[in-house]
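**Q** The structure follows.
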Amino acid sequence: AKSKGENKCIYYTSSMNANLSEQIIIEKDLRHAINRNEFLLYYQPQLDLSNNQIVGLEALIRWQHPNLQLMAPDKFMKVAEETELIIPIGEWVLRTACNQMNFLKTKGYPCRLSVNLSSIQFLQDNLVDMVQDVITESGIDPNNLVLEVTESTLVENLDVTVDQLKRLKSIGVQIALDDFGTLYSSLNYLKHFPIDIIKIDKSFVRNSASDKRDIEILKTIIRLGKNLKLKVLAEGIETKNQLEMLKALDCEEGQGYLFSRPLAMEEFIKNLYTVGNG
Ligand code: C2E
Ligand code: CA
Ligand code: CA
Ligand code: CA
């Protein structure tokens with residue numbers, strides 16, 4: 001029994017060390033990742049549920065460190081925000097995504113682009129100027145650009161954020177409220193912030209084919225959105241049953257693995273051609 005215990009102990013220690021050294025690498029190398037060209041953008045389509053047409057793409061960042069597996073944002077976003085590296089990274093994301101979308105437009109696929117903004121970016125005085133510059137340089141139609149913010153972003157710096165969002169609206173971009181429903185005072189935000197789209201959090205979609213309470217919540221959010229003339233998009237659609245329920249509830253748009261995982265732009269274009277021709 002003793003040797004078993006020792007084995008266990010060694011096992012946990014080495015995996016903890018692995019996590020620890022990964023964390024150290026992340027903290028040490030994140031600041032170089034832009035210059036070393038290690039970030040990638042994946043895109044996930046957003047569909048009109050009434051006809052299955054792609055109406056938008058959400059850009060989602062990935063980091064390919066040379067010595068680590070491809071990383072999703074949950075691995076490095078906290079460090080990026082704490083070190084404020086999210087400011088240059090966020091600018092890189094916006095610029096790269098707008099340029100890639102404009103390329104797609106030249107191929108005949110004009111479509112909405114959604115980019116996530118971190119609360120830290122709202123503390124930048126020149127956020128709006130930066131967004132305006134990227135729009136001008138890339139040639140993207142500002143009305144095709146959707147900036148996604150979460151409820152916690154809105155809570156964290158209430159006054160600054162309202163002001164920044166109003167200025168962003170004035171340059172013509174759309175605002176989506178991400179992860180909608182996960183905080184208490186959501187309804188307040190709909191009243192005070194210039195929101196265009198609400199994205200229903202995937203936690204409500206997960207059991208939407210079976211859980212009566214989740215279905216009631218979805219029904220309420222969808223009706224609320226319609227009454228306020230907001231677009232409503234459901235996130236995290238993974239099954240046909242979830243899709244059918246959302247369509248029955250008259251949800252306008254959706255996004256999720258059922259339609260597509262996030263894909264690199266080249267893969268996305270390849271898929272488009274197969275879908276388009278097939
Ligand atoms: P989010 O904005 O809520 O993005 C949706 C997340 O759900 C993505 O994870 C996406 O891959 C995942 N997802 C999509 N469809 C499904 C599905 O059917 N089922 C499930 N279970 N998940 C699905 P990802 O790419 O790992 O991004 C995680 C979060 O990181 C994002 O959540 C967003 O908050 C943040 N993030 C991603 N890219 C950026 C960025 O460029 N800037 C900032 N500030 N945050 C970003
Ligand atoms: Ca998002
Ligand atoms: Ca979300
Ligand atoms: Ca999120």
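The values are calculated or read from the model by the stated rules, or taken from the named source; none is laboratory data. Quantities reported herein were computed from a predicted structural model and do not represent experimental measurements. Cβ atoms come from the backbone with ideal geometry, glycine included; neighbour counts cover every protein chain shown. Ligands, DNA and RNA are stripped out before the accessible areas are found, and what is left, the full protein with its side chains, is counted by its heavy atoms. Shrake-Rupley method; radii C 1.70, N 1.55, O 1.52, S 1.80 Å.
**Q** Stretched out fully, how many nm does the piece from Ser21 to Leu40 gain, at 0.36 nm a residue minus the Cα gap?
**A** 4.6 nm
**Q** On average, how much accessible surface per residue is there in the chain, in Å², for a 1.4 Å probe, leaving out ligands, DNA and RNA?
**A** Ligands and nucleic acids excluded, the result is 53 Å² per residue.
**Q** Same structure, new question: Leaving ligands, DNA and RNA out of it, report the carbon-plus-sulfur percent of the accessible area of the chain at a 1.4 Å probe.
**A** Percent of accessible area from carbon and sulfur atoms in the chain: 51.
**Q** So what is the calculated 222 nm ellipticity per residue for the chain, using -39500 (n - 2.57) for each DSSP H run with n of 4 or more, over all residues, to the nearest 500 deg cm²/dmol?
**A** About -15000 deg cm²/dmol.
**Q** Shifting gears a bit: Over the chain, calculate the relative contact order: mean separation of alpha carbon pairs under 8 Å at least 6 apart, over the residue count, as a percent.
**A** Relative contact order comes out at 16 percent.
**Q** Related question: Quick check: pseudo-label points 7 Å beyond the Cα along Cα→Cβ at Lys107 and Asn188, how many nm apart are they?
**A** So the label points at Lys107 and Asn188 sit 4.4 nm apart.
**Q** Starting at 0 and stepping by 10 Å, how many percent of the alpha carbon pairs of the chain end up in each bin?
**A** Per 10 Å bin, starting at zero, the Cα-Cα P(r) for the chain comes out as 6, 26, 32, 23, 9, 3, 1 percent.
**Q** How much of the DSSP beta bridge set in the chain is antiparallel, as a percent to the nearest 5?
**A** 40 percent
**Q** List the lysines whose alpha-carbon lies under 23 Å from that of Lys169, not counting same-chain residues fewer than 8 positions away?
**A** Qualifying lysines at Cα under 23 Å: Lys105, Lys191, Lys199, Lys226, Lys229, Lys231.
**Q** Once you place label points 7 Å from the Cα toward the Cβ at Ser170 and Tyr257, how far apart are they in nm?
**A** 4.4 nm
**Q** How many angstrom separate the Cα center of the stretch 134-194 from the Cα center of the stretch 221-255?
**A** 20 Å
**Q** Which FRET efficiency value, to the nearest 0.05, do you get for Thr136 and Asp159 by plugging their Cβ-Cβ distance into 1/(1 + (r/R0)^6) with R0 = 30 Å?
**A** That pair, Thr136 with Asp159, gives E of 0.60.
**Q** If you take the Cα Rg of the stretch 143-261 and divide it by 2.2 N^0.38 Å, with N the number of residues, what do you get?
**A** Expressed relative to 2.2 N^0.38 Å, the Cα Rg reads 1.06.
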